[in-house]
Amino acid sequence: MAVEVFIANEQSAFPVDEDRWMRFALDILKSQKVSGNAEFSLIFVDKSAIAGLNERFMGKKGPTDVLSFPIETEPYAVGRSPDSSSNNQRSSSQDSVPFLLGDVVVCPEVASENAREHAGINSHDGSLDDEMALLIVHGILHLFGLDHELDDEAEIMEEREQELLQLHYRKGSLPGAV
């Protein structure tokens, strides 16, 4: 049993090194203490696809850079599942079913547009790579319940983003970095 990261590149505006970002996402998940049988999906889409998702799920018009869709919020079900005892323990059949973390959807085209705006902030060099790394971390942290709606929440989330970027990206440890 292992953490699996699934990648889908459903856009063609920018080349995406799928293996590189898959390994990066896996490193971030491990830093978030994800272990065991878990699944996560990272999907790269075009502007029209993310605009449709943004409107449908967030009620906002137009494209955005990243959206997160948590699937399961509790790693272990509490209570009884059909045909199981009531001892609240995870059965061996439940252990084989992966914990579904959720999906992070990134739009490289919007990321590219936003990258220049972030140049010079928190060691961001204004490149698409820096922006993609930030968005992947940002999206994953949303799956873990971090948010930025309130100032104190935003500060906590930004601190964790920078910790993870420093650990897995900025020290040249991003797999496949040149």
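Coordinate-derived values only; no laboratory data. Remember, predicted model here, so these are calculated numbers, not experimental data. Note that we place each Cβ from the backbone using ideal geometry, even for glycine, and neighbour counts take in every protein chain shown.
Overview of values
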{"quantity": "In region 1-40, residue farthest from the chain's Cα centre (by Cα) [restricted to those that are surrounded by 14 or more Cβ atoms within 10 Å (Cβ to Cβ) and part of a loop (DSSP other than H, G, I, E, B)]", "calculated": "A13"}
{"quantity": "Members of region 100-151 found to be out of contact with any strand residue (DSSP E or B) (no Cβ under 9 Å at 6 or more places or on another chain), of a type in the set (V, I, T) and either over 24 Å from V3 (Cα atoms) or free of Cβ contacts under 8 Å to residues at least 40 places away in the same chain (or both), listed by number", "calculated": "I121"}
{"quantity": "Which numbered condition V105 misses (of (1) crowded, with 21+ Cβ neighbours inside 10 Å; (2) part of a helix (DSSP H, G or I))", "calculated": "(2)"}
